[in-house]
Amino acid sequence: MLVGGLSTYLIDDPKLSLSEYNISGTKPLYITHLLLFSAVVSGYIQADRTRTLGIVGGVVLLYLLSLLLIFAAESDIGRLAPLTLTALTDRLLIYWASAIQIGIDSQSHNRYAESVADAGSIQPLIQALTQYADAAFYPIYVASGMLILDEPARTVAAFIPLVLATVIPILMIYLLVKSLWSPAAAGLSVWLFVMANQPVYRAVLTTSTSLGIAIFSIIVAVYISHLESDSKRHLLIVLILFISLGQIHQISMFITLVTLAAITASYAAISSFGVLSAVKRATLFVVLLSVTWLLTRYHGPAGDLPSFLVLMIVRFIESLFTAGTAATNTLEQYNVAGPDSLSLVHAFGIAWMLGLGVLGAIFWIRRASSQRTGIALGAALAVAFGFPFATSLAGVASVIPRRWFVFIMVLAAILAGPAVLALARSFSLPQRRVAVSILLVGLILSPGLLIMSLDYRGAAEDPVLDDDPEAYRMAFSTSEAAALEYGATNFDDDEIVADHYASEVLDRQYAISTSPYRFEEGGAQYSGEERVYFHRPFAETQHSSYHIDVEDRWVRVYGPIKPPRGNQIYDNGVGTYTKTDSPYP
């Protein structure tokens, strides 16, 4: 905050202009970008769809070239085309670097889409007792793409949700910032969004959150326009999109509600918008969310669980009573899954983006023409960051902070672009203003680009910065995939025990009975009957995870798992299956 305030004071020049640079000879830059793009894709294919360190470095250079073209381009397309190409390349290279779909929820989503496409209805979702039976837009959307394109769910997901989660925020961020500042400032905001680790990660996972990000970015841009112009048409668009979120992703809908409430309250406090008008809009959004959640049953219409609204209220109350009761002393010797198994380098991305967002908010507020919007977006950023962490510190487990990060980065990127540009220009020498400004922008932004391109979210398939247990490889090799396929085909009547991630994949991808390795607190295997155990070299690393029994609850922790002993019935070199009732002495 202090750094942001000082920096903003230094750039608070009333004569400071964010007009465009005039750089001649941009054609060589575009040619270089295309040649580098071709080299990166070619190297990726030759490496058998593996993102080697050289490929990652090539993507980083593509981002830096796109950054330079923001200043050199003479048109909106000239700025956005290289940025969009680079962003999609980055995401698609990660997406296809695994022989099996990356992620856990993403596999369930695509399997549901396949079942909907096969059945021609959402009846499989109802029978599966999934919450997506009452929020079926994603599986229906992907299933429709499968039928139209005649492609499998994974391919369709790559070219629909992944692309939408990238392209729509690019357009919305650019249009909003350009309308208030300049094309170069807008381009910087877009660049900050597309290179940030959380937008990359959430786009690659291709879940309903991917569509939620796209809708959220539209709602924020259109709602700001509505509050500035009092356009009823814009409000209608926001309401329609907000209601649609209820059919896509409930968490995205709630995050959007909190963001809109913060924006609305800010406008009511600083403009002639009026408290009554703000209360009416906030009430309308709350009612729409409540009705949607009340009609959405957590296990669908065939389930016996109550509505999503009732379930969230019950969980909220339960978490209040159980807050602070975790057996922390027992768990001190373990690397518990979550933030405790990560170092600060993996928190750098959200901290860096938040810091730039705070700097941007202060800068927007100090400029008269953008003051109201700056206060509103700054308040939304503060609330979107503070709310999930405050509730978590209070012991409320139902609000998941990590789900908010990508939405926070949308707001931070919008605010940060103009401030970064102005900060660089304020320190430039008049006689070399263009060159020094671009150099300073590069110096300011390069640390974030480099670290987030290597961490556990920006390189989710196989993090380069992998010293921490939670920074694990999400990609599966071809041999690992073959071993999992063998188990799903030959042991579909048995319960397969595996490391946590592999067990989730067997469950979500192949819908077979699985369980993670489970140990009692004393270390003995929590098992009393014959089971099939899947083991891979990954399970013997610090990135493998299993469950331990602590005071009658299962807690996931990281650590190596020894190969089970018993009758080994399959071994392809990287994956084994062992059938036994006593895997460990």
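Points to keep in mind about this one:
- Any hit, region 200-209, residues being on the phi < 0 side of the Ramachandran plot, surrounded by fewer than 22 Cβ atoms within 10 Å (Cβ to Cβ) and of a type in the set (A, V, I, L, M): no
- Residues that are open to solvent by less than 30 Å² (accessible area, probe 1.4 Å) and either in contact (Cβ under 8 Å) with a residue 40 or more places away in the chain or not in a helix (DSSP H, G or I) (or both) within region 380-404 comprise Ala380, Ala384, Gly395, Val396, Val399, Trp404, listed in sequence order.
- In region 272-289, the residues that are of a type outside the set (A, V, I, L, M) and exposed (fewer than 15 other Cβ atoms within 10 Å of the Cβ): Ser272, Gly274, Lys280, Thr283
- The single condition among (1) touching a Gly at 6+ places or on another chain (Cβ under 8 Å); (2) within 21 Å of Ala157 (Cα to Cα) that Leu192 does not meet is (2).
- You will find that of Val177, Val220, Val190, Val156, the residue that is β-branched (Val, Ile, Thr), buried (at least 24 other Cβ atoms within 10 Å of the Cβ), in the same structural domain as Ala380 (by the TED database) and free of Cβ contacts under 8 Å to residues at least 60 places away in the same chain is Val156 and no other.
Yes/no per residue for (1) in contact with a Gly (Cβ under 9 Å, 6 or more places away or on another chain); (2) over 18 Å from Ala502 (Cβ atoms); (3) not aromatic (Phe, Trp, Tyr):
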| residue | (1), (2), (3) |
| --- | --- |
| Glu551 | no, yes, yes |
| Gly559 | no, no, yes |
| Gln568 | no, no, yes |
| Thr580 | yes, no, yes |
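- Asp150 being touching a residue at least 40 places away in the same chain (Cβ under 8 Å), among the acidic types (Asp, Glu) and open to solvent by 10 Å² or more (accessible area, probe 1.4 Å): no
- Test: residue in region 212-232 that is basic (Lys, Arg) and under 30 Å from Ala136 (Cβ atoms): no
- Out of Pro418, Pro447, one residue alone is loosely packed, with under 15 Cβ neighbours inside 10 Å and at pLDDT 80 or above. It is Pro447.
- Yes/no for Ser398 being at pLDDT below 95, polar (S, T, N, Q) and under 17 Å from Thr256 (Cα atoms): yes
- Exactly one residue out of Leu36, Leu61, Leu69 is part of a helix (DSSP H, G or I), over 27 Å from Arg508 (Cα atoms) and in contact with a Pro (Cβ under 8 Å, 6 or more places away or on another chain), and it is Leu69.
- Flag for Ser437 being part of a loop (DSSP other than H, G, I, E, B), modelled with pLDDT under 85 and open to solvent by less than 40 Å² (accessible area, probe 1.4 Å): no
- From the options Ala135, Ala128, Ala119, residue that is over 23 Å from the mean Cα position of the chain (by Cα), assigned by the TED database to the domain that holds Gln250 and within 18 Å of Arg297 (Cβ to Cβ): Ala128
- Taken over region 565-585, the criterion of being open to solvent by less than 30 Å² (accessible area, probe 1.4 Å) and either at pLDDT below 90 or hydrophobic (A, V, I, L, M, F, W, C) (or both) is satisfied by Thr580, Pro583.
- Among the numbered conditions (1) part of a loop (DSSP other than H, G, I, E, B); (2) in contact with a Leu (Cβ under 8 Å, 6 or more places away or on another chain); (3) closer than 16 Å to His249 by Cα, the only one that Ala135 does not meet is (2).
- The residue of region 50-96 that is nearest to Gln107 (Cα to Cα), among those that are among the charged types (D, E, K, R) and touching a helix residue (DSSP H, G or I) at 6+ places or on another chain (Cβ under 8 Å), is Arg91.
- One residue from Arg91, Arg79, Arg111, Arg49 being outside any loop (DSSP other than H, G, I, E, B), open to solvent by 20 Å² or more (accessible area, probe 1.4 Å), of a type in the set (Lys, Arg) and out of contact with any Cys (no Cβ under 6 Å at 6 or more places or on another chain): Arg111
- Residue in region 504-516 that is open to solvent by 40 Å² or more (accessible area, probe 1.4 Å) and touching a strand residue (DSSP E or B) at 6+ places or on another chain (Cβ under 6 Å) present: yes
- Test for Gln127: is it farther than 22 Å from Met253 by Cβ and either touching a residue at least 24 places away in the same chain (Cβ under 8 Å) or surrounded by 23 or more Cβ atoms within 10 Å (Cβ to Cβ) (or both): yes
- Here region 252-273 is the region considered, the condition is being touching a Ser or Thr at 6+ places or on another chain (Cβ under 8 Å) and at pLDDT 90 or above, and the residue that is nearest to Ser307 (Cα to Cα) is Met253.
The values are calculated or read from the model by the stated rules, or taken from the named source; none is laboratory data. Note that this is a predicted model, so its numbers are computed, not measured. Cβ: placed from backbone, ideal geometry, glycine included. Neighbour counts: every protein chain shown. Quick note on the areas: whole protein, heavy atoms, side chains included, nothing else; ligands and nucleic acids left out. Shrake-Rupley method; radii C 1.70, N 1.55, O 1.52, S 1.80 Å.
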